[in-house]
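Single-structure report; data block below.
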Amino acid sequence: MNPEEYQKIYTWFKQRPTAYRVLKIATAGLPLVTAASYGILLLSLFLLPDRTNAELLRAIFVPAVIFLAGSLLRRWYNAPRPYEKGIEPLIPKRTKGQSCPSRHALSAGVIAAVWLVLYPTGGVLALALALGVCVTRVLAGVHSAWDVTAGLLFGLGFGLLGMLL
């Protein structure tokens, strides 16, 4: 999205203070809800008698490896952020580069993958949360659509692969 296209989004939110507040809350809150859901998932694997230690270990190590790999990839690729290319973000950030893949989207994607494999119904909800994370990152002006798509697909795809192997 170019600066002129994003300016329309920026103006729309700035003219609607309630919508802008909702965006700010969602941008901060959805990743926290996603992280909390992951904690709940791990706790359930630890406490429920019908779950195995192998499932718990996979649910810990698969996301950890994918998060590390995604972090290394974004450091190597070092894509500029939208606000480094002339877009004024709705949610100010100072981070430079390392925009792709979005780590928020990647994390939400891999958490959704773990949920989908172990608790499919919860996985559908986790996937909806992941999509919300992606949308808010783009609307906030801190990532491009490509950044969040790459992050979500990286996390979800490799997460499913890792959990199913």
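The values are calculated or read from the model by the stated rules, or taken from the named source; none is laboratory data. Computed from a predicted model, the values in this text were never measured in an experiment. Glycine gets a Cβ as well: all are built from the backbone with ideal geometry, and neighbour counts include every protein chain shown. Ligands, DNA and RNA are excluded from the accessible area calculation, which covers all protein heavy atoms including side chains. Shrake-Rupley method; radii C 1.70, N 1.55, O 1.52, S 1.80 Å.
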Report task. Set the Förster radius R0 to 25 Å, insert the Cβ-Cβ distance between Trp146 and Leu42 as r into 1/(1 + (r/R0)^6), and round the FRET efficiency to 0.05. Result -> 0.20
Query raised in the report: Quick one, which of [x] 71, 39, 32; [y] 51, 34, 27; [z] 54, 36, 20 is the actual Cα extents along the principal axes in Å calculated for this model?
Result: [z]
Requested in this report: Kindly list the residues of the range 105-121 that lie in the label zone of Ala64, defined by a backbone N under 17 Å from the point 7 Å along the Cα-to-C-beta vector.
Outcome: 107, 110-111, 114
Query raised in the report: In what sequence, highest mean first, do 43-52, 95-104, 3-12 appear when ranked by Cβ atoms within 10 angstrom?
Result: 95-104, 3-12, 43-52
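Sort the following peptides by mean Cβ neighbour count (other Cβ atoms within 10 Å, averaged over residues), highest first: 123-130, 28-35, 142-149.
Working: 123-130: 19.1, 28-35: 16.1, 142-149: 21.9.
Ranking, from highest mean packing down: 142-149, 123-130, 28-35.
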Query raised in the report: Given a 1.4 Å probe and every protein chain left where it sits, what share in percent of the accessible area of the chain is carbon and sulfur?
Result: 71
Report summary line: Dividing the helical contributions, -39500 (n - 2.57) per DSSP H run of n ≥ 4, by the residues of the chain yields a 222 nm value, nearest 500 deg cm²/dmol, of -26000 deg cm²/dmol
Report task. Can you tell me how much longer the chain between Leu165 and Ile91 gets when fully stretched, taken as 0.36 nm per residue apart minus their C-alpha distance, in nm with one decimal? Result -> 22.8 nm
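Rank-order 110-117, 53-60 by packing density, defined as the average count of other C-beta atoms within 10 Å over each peptide's residues, highest first.
Working: 110-117: 26.4, 53-60: 15.1.
Result, highest mean first: 110-117, 53-60.
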Report task. Distance from a point 7 Å along Cα→Cβ of Leu32 to each backbone N in the range 96-118: keep the residues under 19 Å and list them by number. Result -> 104-105, 107-108
